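Visitor: For reference, the structure I am asking about is given below.
Read-outs: derived from the displayed coordinates by stated rules, not from any lab. Values in this document were obtained by computation on a predicted structure and should not be read as measured data. Neighbour counts run over all protein chains shown; Cβ positions are idealised from the backbone, glycine included.
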Amino acid sequence: MDKRFLIIARVGDNSLHPEWLKGITPQFDIFLSYFGDQAEKYKDHADFYEQQKGGKWPKIGEIVEQYWELISTYDAVWFPDDDLLTDAQTINRMFSLFSGHQLSLAQPALTLQSFYTFPALLQKRNVHLRYVNFVEVMAPIVSRDALLNIKHTFSQSPSGWGLDSLWPKLIGNTELNKVAILDDTPITHTRPVGGELYKKNPELSPQHDVKALAKQYSKLNIKRRAYENRFRVYQYLAKSGSKGDTLALFRGKWQKIGSQIRAKFCRRYQPQ
């Protein structure tokens, strides 16, 4: 049976991607791009495989362009970092939520045990998903149509920084219901920010990338400190029903604070 969903991941020697395939039968294909030194190290783990050095997003950009005829046959593609812990059941559910709600851009929420940068992306209790204005470059899910509109940007920020502010402005989210955080399918970020890929590519300069991207797209105003780019929850789908507009805004702010407090009392992920 042809699968509707695809994972494309840049992976190193300590990649957690084997966990993504455990639990139940995956309803997705997986394309691994290995940046380590061992020949064909993960070839048997993948439906599609390659090996090359370099940063995550420029190389993914090359993959998407080179294999667009293949990739465009999938309804949605997930681009996770290799230090994310999850399983096939969660990923299957994640893709189902993404497809069922006709999203263009999303990411799974982070568990409270995760290393994190943005507390707003931590999982919210009793919530299926939140419609927002921002997802992180660590684990974006992109629909086929949205990917067509943003794939040219992958090579424009070697570190990936700044792309998270740019993408929502390129996908036509006029009704504010195409970008979401999926709280129903949380994953765990197992390592501090700045992982193996960045250590192997010391030439990456995130701050330079942010400034260059903001200059290139100056008409869109993608600066993170701009008022219009502050993280917003437009609506959330609670397990007891839908909440929107002002209530969602204030509930989102409160949930952000609450999650940050709870996360302080949770031990960060420790490998077994």
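Visitor: Loop-only trypsin sites (Lys or Arg not before Pro) in the stretch 211-241, please: DSSP not H, G, I, E or B, and at most 11 other Cβ atoms within 10 Å.
Guide: On the way: sites: K211, K215, K219, K223, R224, R225, R230, R232, K239; in loops: K223, R224, R225, R230, R232, K239.
Sites meeting the loop and neighbour criteria: R225, R230, K239.
Visitor: In nm, what is the difference between 0.36 nm times the number of residues separating E40 and V193 and their Cα-Cα distance?
Guide: On the way: separation 153, 0.36 × 153 = 55.08 nm, distance 2.72 nm.
Full extension of this stretch gives 52.4 nm more.
Visitor: Let me check I've understood the local charge: for E62, count other residues with C-beta under 15 angstrom from its C-beta, Lys and Arg +1, Asp and Glu -1. What total comes out?
Guide: +2
Visitor: Which one, Q66, F115, P26, projects farthest toward the positive side of the charge dipole computed for the stretch 20-135 from Cβ point charges (K/R +1, D/E -1)?
Guide: F115
Visitor: Moving on to the next point. Which of H128, H152 has the fewest other C-beta atoms within 10 Å, and how do the rest follow up to the most?
Guide: H152, H128
Visitor: Report the GluC sites (Glu not before Pro) located in the stretch 1-84 that are in a DSSP loop and have at most 15 other Cβ atoms inside 10 Å of their Cβ, or state none.
Guide: Qualifying residues, ordered by number: E40.
Visitor: Another question about this same structure. What size of dipole, in debye to the nearest 20, comes out for the stretch 54-96 about its Cα centre when the only charges are +1 on Lys and Arg C-beta atoms and -1 on Asp and Glu C-beta atoms?
Guide: Computed charge dipole of the stretch 54-96: roughly 80 debye.
Visitor: Beyond 32 Å between alpha-carbons counts as too far, so tell me which of K178/K211; K22/K223; K22/K151; K59/K223; K3/K215; K3/K211 fall in that bin.
Guide: Working: K178/K211 26 Å; K22/K223 39 Å; K22/K151 29 Å; K59/K223 25 Å; K3/K215 39 Å; K3/K211 39 Å.
The answer is K22/K223; K3/K215; K3/K211.
Visitor: Could I ask something else about it? Mean separation of Cα pairs under 8 Å and 6+ residues apart, divided by the residue count of the stretch 103-236: what relative contact order is that in percent?
Guide: 41
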